[in-house]
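For reference, the structure is listed below as structure tokens.
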Amino acid sequence: MSPDVRKTILSGMRPTGPLHLGHIAGALRNWIKLQDVYRCYYSIASWHALSSEYMNSKVIKSNEFEVAVDWLSAGLDPEKCVIFRQSEVKEHAELHLILSMVVPLPWLERVPTFKEMQQEIRDKDLNTYGFLGYPVLQASDIIMYKADAVPVGEDQAAHIELTREIVRRFNRTFGEIFPEPQTILTEIPRLAGTDGRKMSKSLGNAIYIKDPPEVIREKILPMKTDTRRMRRTDPGEPNDCPVFTLHRAFVPQARRDEIAHGCRTAGIGCRECKAVVIDALIEALAPYRERRARFEREPKLVWDILEDGNTKAREAARKTMDEVRAALGF
Ligand code: TRP
Ligand code: SF4
């Protein structure tokens, strides 16, 4: 057997509920492509969810299941990539602890997401040791597998930068064990939710990957459009229309250009335009629905896939931790 020369990728998501169209357009499509080229680890970040949801810890396990089903249905293939639950690979906790000894407090206090989330999210207690350490836990996810690169959106870029700083400090202190991971910056298209604001689960305006065709239709038909189009004969501007953000992510370019032209010349009406994106979404999500039906019928299949992924992740994690303990002289 020839040695595996592929580079390693790691990415993750917090299991906070079912995934929506933003997750497909912003992450999963890309992850699915990467699994053919790289050795990919995809982590369901149970403890990251716990850092903001500890009062609600009982929902995390069922959310992990939801996320796994969404990933598998979207086309992540357990034959090609390792899909695992962070909390089932206890080595992450050990590495997090060791890293926390060498990470200077100010590095964490100045992470932009730390203060922003504390200010924005008022209904949760984010004033904890665990939440401050969130990026250290993320660094442990990444370097545990000696990832060469991490595909993330702009919002996570500071965490990967911090991971590189932690790696440099660790390597200087204990010896060269970890590579510095690169960021593969994934463009996250801004999708509007049903109320025109940014699509997000917490705003209650999301279209979920698992929504059946009728629900997709019911959610999109009443959406507000460009306010210039009061009447069918008024021309509009797609760039000012929340619905068109969905076209950008799900309708092929040529068809989209036709529609944009139709909107600007009042050649098509908003109903017709919405019908196009509804059909495109229903079609795009059809393979997903098929795969999903099977996983819902056989939940054990999903837990088995996860267990298999946990085992593979653990194997790699154990090797890394042996090196780490040796480097520390333990
Ligand atoms: N913090 C990431 C987010 O909120 C999720 C995550 C956990 C992650 N571990 C990771 C992302 C490792 C990339 C690499 O989206
Ligand atoms: Fe939006 Fe389409 Fe109506 Fe133009 S025609 S305003 S893009 S819904």
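Descriptive notes on the structure:
- Around ASP4: net Lys/Arg minus Asp/Glu count, Cβ-Cβ under 15 Å: +3
- P(r) tail fraction, region 211-291 - alpha-carbon pairs more than 15 Å apart, %: 54 percent
- Restraint check, LYS61/LYS146; LYS198/LYS300; LYS124/LYS300; LYS198/LYS219; LYS61/LYS115, Cα-Cα greater than 24 Å: LYS61/LYS146; LYS198/LYS300; LYS124/LYS300; LYS61/LYS115
- Measuring nothing but protein heavy atoms, the accessible surface of region 211-291 at 1.4 Å probe radius is 54 percent carbon and sulfur.
- Those GluC sites (Glu not before Pro) in region 141-200 that DSSP places in a loop and that have at most 10 other beta carbons within 10 Å: GLU176, GLU187
- For the chain, with +1 on Lys and Arg beta carbons and -1 on Asp and Glu, the positive-most of VAL136, ASN63, GLN253 along the dipole: GLN253
- Estimated [θ] at 222 nm from DSSP helical runs (n ≥ 4, -39500 (n - 2.57)) normalised by residues in the chain, nearest 500: -16500 deg cm²/dmol
- Fully extended contour minus Cα-Cα distance, from MET230 to PHE330, at 0.36 nm per residue: 28.8 nm
- Accessible area, probe 1.4 Å, largest first, for residues TYR129, TYR208, TYR42: TYR129, TYR208, TYR42
- Counting only cysteine Cβ atoms and a cutoff under 4.7 Å, the chain contains unmatched residues CYS241, CYS263, CYS270, CYS273.
- Accessible area in square angstrom per residue, the chain, 1.4 angstrom probe: 50 Å²
- Hull volume in cubic angstrom per residue (convex hull over the Cα atoms of region 237-330): 174 Å³
- Cα gyration tensor, region 91-226 - rounded (a/c under 1.5), prolate or oblate: prolate
- Computed over the chain, the range of Cα coordinates on each principal axis works out to 76, 45, 38 Å, biggest value leading.
- If a spin label sat at a point 7 angstrom from the Cα of VAL59 along the line to its beta carbon, the backbone N atoms of region 206-236 nearer than 18 Å would be those of 206-211.
- Over region 106-178 - Rg/Rh using Cα atoms and the Kirkwood inverse-distance radius: 1.01
- ASP304-ASP155 FRET efficiency (beta carbon distance; Förster radius 35 Å; 0.05 resolution): 0.60
- Gyration tensor (alpha-carbon) shape descriptor, region 75-122, a/c threshold 1.5: oblate
- From most to least packed by mean Cβ count within 10 Å, the peptides 57-64, 308-315, 2-9 give 308-315, 57-64, 2-9.
- Extension gain, ARG6 back to LYS124 (0.36 nm per residue minus Cα-Cα distance, nm): 38.4 nm
- Rolling a 1.4 Å probe over the protein heavy atoms of region 59-102, with every protein chain left in place, gives an accessible area that is 57 percent carbon and sulfur.
- Selected from VAL111, GLY75, SER202, residue furthest toward positive end of dipole (the chain; charges at beta carbon): SER202
The values are calculated or read from the model by the stated rules, or taken from the named source; none is laboratory data. Since the model is a prediction, treat every value here as computed from it, not as a measurement. Reconstructed Cβ throughout: ideal geometry from the backbone, glycine too, with neighbour counts over all protein chains shown. Ligands, DNA and RNA are excluded from the accessible area calculation, which covers all protein heavy atoms including side chains. Shrake-Rupley method; radii C 1.70, N 1.55, O 1.52, S 1.80 Å.
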